[in-house]
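K.L.:
Quick one: this structure, given as structure tokens, is what I'll be asking you about.
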Amino acid sequence: MVVLLDTVKDRPRHPEKAHRPDTPVAKKPDWIRVKAPISRGYEETRRIMRDNGLVTVCEEAGCPNIGECWEKKHATFMIMGDICTRACSFCNVRTGLPGPLDPDEPRKVGEATAKLGLAHIVVTSVDRDDLADGGAGHIAETIRAIRAHCPQTTIEVLTPDFLRKDGALELVIDARPDVFNHNLETVPSKYVTVRPGARYFASLRLLQQAKELDPTIFTKSGIMVGLGEERNEILQVMDDLRAANVDFLTIGQYLQPTRKHHEVMRFVPPEEFKSLETVAYAKGFSMVSASPLTRSSHHAGEDFARLKAARARG
């Protein structure tokens, strides 16, 4: 039996997964392989993160694109700690009871944004079901701190679902991020096993409400494939997102963090991603990113520029 330990704090990283039976780990195909992060730019980005005491989803979620992004000094900040109150079967972020919020964190993120010279920043967070507002106020404070330090930087937030947290979404939208992102992650039939703490239609409604609260905001969502979903289910998710007026869709390959996580049921070849991208554009999305290594914040700055250009063209 494998026990998943946090190598920094020597405690179970996923206590709720430690006693699950091991799942098979399939060999990755050639199209999913990436180079190890060893560049000077990577080390500089890592140093800035450590010096400011910041957490990134790039590290916590084991993103395969970390070497490429950090070399360019692109990083996705993960605020409100590194312990999540949810236990999604696909996710490598620690699970447990989080500690108190760091009131200085918004300022630290603003300062790090300035040091990295970011034109576009992505801020995400763990789920904080323990907080009355789900952490929405802290996210809003972080947006305002980034604006204060870097007025020209465009801001994308990738938020939790704020399930049963009345008024939380309004706090975030009132802070006026440029992009509001919330990932559906998978098709409805897989929620019980993949995202058990969430509700598909609640997440869909969150995206719709964000656009209703601010029709000028760009909305974005993403799903993973390779979890056992059917193609027609993916197409239905596309239709649901378009009905909610979502502008930007990302589709990427699910990669299994450990034997205790959900099994990869299938590695989807690049040509199928291209087909899904073509269909998504036909359904009316302004921007689509679909590839094996696509992640929600991968190339976010360049994609945001393309998204604005698409809106300007009408």
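K.L.:
Does R107 meet the test of being touching a His at 6+ places or on another chain (Cβ under 9 Å), crowded, with 24+ Cβ neighbours inside 10 Å, of a type in the set (K, R) and more than 26 Å from S286 (Cβ to Cβ)?
P.N.:
Here the answer is no, as R107 does not meet what is asked.
K.L.:
So, G96, is that one surrounded by fewer than 23 Cβ atoms within 10 Å (Cβ to Cβ), touching a strand residue (DSSP E or B) at 6+ places or on another chain (Cβ under 6 Å) and either of a type in the set (S, T, N, Q) or modelled with pLDDT under 95 (or both) or not?
P.N.:
Yes; evaluated as a whole, the condition is true for this residue.
K.L.:
Next question. So if I check each of I139, I146, I155, which one is crowded, with 21+ Cβ neighbours inside 10 Å, under 28 Å from G117 (Cβ atoms) and touching a residue at least 60 places away in the same chain (Cβ under 8 Å)?
P.N.:
Result: I139 is the single residue among I139, I146, I155 that is crowded, with 21+ Cβ neighbours inside 10 Å, under 28 Å from G117 (Cβ atoms) and touching a residue at least 60 places away in the same chain (Cβ under 8 Å).
K.L.:
Condition first: at positive phi and touching a Gly at 6+ places or on another chain (Cβ under 6 Å). Can you find one or more residues in the stretch 157-165 that meet it?
P.N.:
yes
K.L.:
List the pairs whose first member sits in the stretch 249-260 and is over 25 Å from P15 (Cα atoms), whose second member is charged (D, E, K, R) and assigned to a strand (DSSP E or B), and whose Cβ atoms are under 8 Å apart, counting only residues at least 6 apart or on separate chains?
P.N.:
L249/K220; T250/K220
K.L.:
Please determine, by comparing only the residues of the stretch 269-314 that are hydroxyl-bearing (S, T, Y) and in a loop (DSSP other than H, G, I, E, B), which one is nearest to T219 (Cα to Cα).
P.N.:
The residue in question is S286.
K.L.:
Separate question: Pull up the stretch 188-215, narrow it to residues that are aliphatic (A, V, I, L, M) and under 16 Å from the mean Cα position of the chain (by Cα), then point me to the one that is nearest to L235 (Cα to Cα).
P.N.:
If we take residues in the stretch 188-215 being aliphatic (A, V, I, L, M) and under 16 Å from the mean Cα position of the chain (by Cα), then L204 is nearest to L235 (Cα to Cα).
The values are calculated or read from the model by the stated rules, or taken from the named source; none is laboratory data. Note that the structure is predicted; figures quoted are calculated from it, not measured. Neighbour counts are summed over all protein chains in view; Cβ atoms, including those assigned to glycine, are modelled from backbone coordinates with ideal geometry.
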